[in-house]
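The values are calculated or read from the model by the stated rules, or taken from the named source; none is laboratory data. None of the values given here were measured: they were computed from a predicted structure. Glycine also receives a Cβ, built like all others from the backbone with ideal geometry; neighbour counts cover every protein chain displayed. Only protein heavy atoms, including side chains, enter the accessible area calculation; ligands, DNA and RNA are left aside. Shrake-Rupley method; radii C 1.70, N 1.55, O 1.52, S 1.80 Å.
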Amino acid sequence: MLAAPELARADLVLATHRALGDRPRAPEEVVAVLRRLLRSPVAVLDDRGVPLAGELSEAGRVRLGEPVPQRITLDDGVLLAHPALAVWLAVELRGTEAARADVVPPALAVAAGAVQRWLLANRLELERDARSRTALLGDLLRLDTEPGADLRRRVADAGWRLGGWHVGLHIGVPAAVDTVARTQEVVRALRAEDVEAVVVEHGDGWTGWVTFDQEPTAERVRSLASRLQAAHRTLRLGAHMGVGRPHPRPDGLAATVAEASDAARLAATRPETGHFLHVDQLGMAQLLLEWTRTDTFEPAARALVAPLREVPGDLVRTLASYLDAESSIAETATVLGVHRNTVAARIARIEQLLGVDLSRPDERLALHLASRAVILSDP
């Protein structure tokens with residue numbers, strides 16, 4: 001190692017090649033091979049620095065925003081990290097093993113290549129499964145009669161149930177979120193709250209449902225909604241979630257999923273509810289949402305609030321939050337995260353630009369619907 005480090009480096013590279021071969025290897029296999037060859041802690045980290053396989057005490061030291069091989073000095077050793085597509089392969093060399101810090105990087109690069117092959121192969125499989133699940137869900141939601149034998153067979157192959165009572169859910173996320181790659185993260189979050197749900201990549205996020213053998217009581221539905229809300233809080237994806245009512249049979253599945261999607265659309269504009277809504281919380285709001293989807297209402301709504309969109313200050317959202325809060329300037333300030341004097345100044349500006357009096361019920365209703373419609377239709 002000291003007199004001819006290039007020989008030690010070559011031996012380690014060859015040993016890594018022989019152990020891993022050319023086929024894709026799961027992260028757990030790669031970690032086990034490297035841990036044996038390097039006699040040190042090894043881990044595969046995701047894009048947040050959380051271990052997917054293995055363990056490291058100093059994983060947080062990896063600079064995730066710099067996708068290049070890294071060498072980080074520790075108090076009693078060296079941390080080496082190598083990027084592999086969206087993940088990192090890292091090893092902590094401590095004590096006498098730290099003397100191999102110049103020998104290990106090429107072997108780490110070889111192992112990172114094995115992880116990359118596995119990620120690419122796994123991604124292809126995930127995308128095939130996602131397309132199959134999404135197509136099957138689409139066929140179920142378009143049903144207007146009893147499902148045929150072929151559809152029932154496909155549902156059984158997927159492990160889904162058509163009988164019983166279904167409670168739908170929909171999780172919407174920003175366009176930048178990779179829903180295929182994150183599906184298992186959503187499933188784990190639900191299972192952590194004891195929610196066994198079907199989850200399918202659909203629309204702007206995921207559509208899912210929980211099936212009960214018998215019609216669930218109101219208490220069971222409330223308990224499920226509470227657990228879903230707890231799972232939603234653990235998802236750091238900028239997500240908004242809606243939950244539907246219980247409905248029976250295949251046609252009920254489409255109904256509860258539609259309700260959940262409506263609730264999710266409204267939840268996207270409700271920071272005061274944690275961007276989570278159960279359809280039982282909506283009442284008249286759901287009916288109004290259906291009305292604002294019509295082809296005639298949205299252009300009228302945009303024209304009504306157009307003067308507010310031409311000036312800075314996010315006046316449309318301020319107006320919607322103010323009317324949601326029943327004209328409470330203090331509550332609106334809390335929701336928007338601004339000072340109450342800022343809210344008061346914005347409301348005065350809104351009344352001036354639109355030539356309205358927000359104390360008048362008819363004008364309040366029209367502007368409330370218009371502002372909500374515009375917010376929901378904007379990206």
**OP:** Give the residues of segment 12-31 that are open to solvent by 30 Å² or more (accessible area, probe 1.4 Å), under 20 Å from A86 (Cα atoms) and at pLDDT 90 or above, sorted by residue number.
**Re:** E28, E29
Original post:
Being without any contact (Cβ under 8 Å) to a residue 12 or more places away in the chain, farther than 30 Å from A181 by Cα and not aromatic (F, W, Y), is that true of even one residue in segment 72-91?
Top reply: yes
Original post:
Residues of segment 354-363 being at pLDDT 85 or above and surrounded by 12 or more Cβ atoms within 10 Å (Cβ to Cβ), which ones?
Top reply: L354, V356, L358
Original post:
How many of the residues making up segment 32-46 are acidic (D, E) and either open to solvent by 50 Å² or more (accessible area, probe 1.4 Å) or under 14 Å from L108 (Cα atoms) (or both)?
Top reply: 0
Original post:
Counting just the residues of segment 219-238 that are in contact (Cβ under 8 Å) with a residue 24 or more places away in the chain and assigned to a loop (DSSP other than H, G, I, E, B), which one comes out most open to solvent (accessible area, probe 1.4 Å)?
Top reply: G238
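Based on this model, can you work out whether V186 counts as closer than 26 Å to L52 by Cβ, surrounded by 20 or more Cβ atoms within 10 Å (Cβ to Cβ), within 11 Å of the chain's Cα centre (by Cα) and of a type in the set (V, I, T)? Give the steps one after another, and end with the answer.
Details: closer than 26 Å to L52 by Cβ: yes; surrounded by 20 or more Cβ atoms within 10 Å (Cβ to Cβ): yes; within 11 Å of the chain's Cα centre (by Cα): yes; of a type in the set (V, I, T): yes.
For V186, the condition - closer than 26 Å to L52 by Cβ, surrounded by 20 or more Cβ atoms within 10 Å (Cβ to Cβ), within 11 Å of the chain's Cα centre (by Cα) and of a type in the set (V, I, T) - is met.
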**OP:** Grab the strands (runs of 3 or more DSSP E) fully contained in segment 25-94, keeping just those with 3 or more residues being closer than 17 Å to L119 by Cβ and more than 22 Å from the chain's Cα centre (by Cα).
**Re:** 77-84
Original post:
Exactly one of (1) open to solvent by less than 10 Å² (accessible area, probe 1.4 Å); (2) touching a Gly at 6+ places or on another chain (Cβ under 9 Å); (3) more than 24 Å from L2 (Cα to Cα) is unmet by L137. Its number?
Top reply: (2)
Original post:
Just to be sure, is V104 aliphatic (A, V, I, L, M), over 24 Å from the mean Cα position of the chain (by Cα), open to solvent by 30 Å² or more (accessible area, probe 1.4 Å) and within 22 Å of V13 (Cα to Cα)?
Top reply: no
**OP:** Return the pairs, sorted by first residue and then second, in which the second residue is at pLDDT below 90 and open to solvent by 50 Å² or more (accessible area, probe 1.4 Å), the first residue lies in segment 115-138 and is within 23 Å of V42 (Cα to Cα), the beta carbons are less than 6 Å apart, and the residues are 6+ apart or on different chains.
**Re:** Q116/L85; R117/P24; W118/P24; L119/L85; A121/P24
Original post:
Within segment 48-63, can you find the residues that are in contact (Cβ under 8 Å) with a residue 24 or more places away in the chain and exposed (fewer than 15 other Cβ atoms within 10 Å of the Cβ)?
Top reply: S57
Subject >> Those residues of segment 158-179 which are outside any loop (DSSP other than H, G, I, E, B), under 30 Å from E146 (Cα atoms) and in contact with a strand residue (DSSP E or B) (Cβ under 6 Å, 6 or more places away or on another chain), in sequence order >> reply: W165, H166, V167, G168, L169, H170, I171, G172
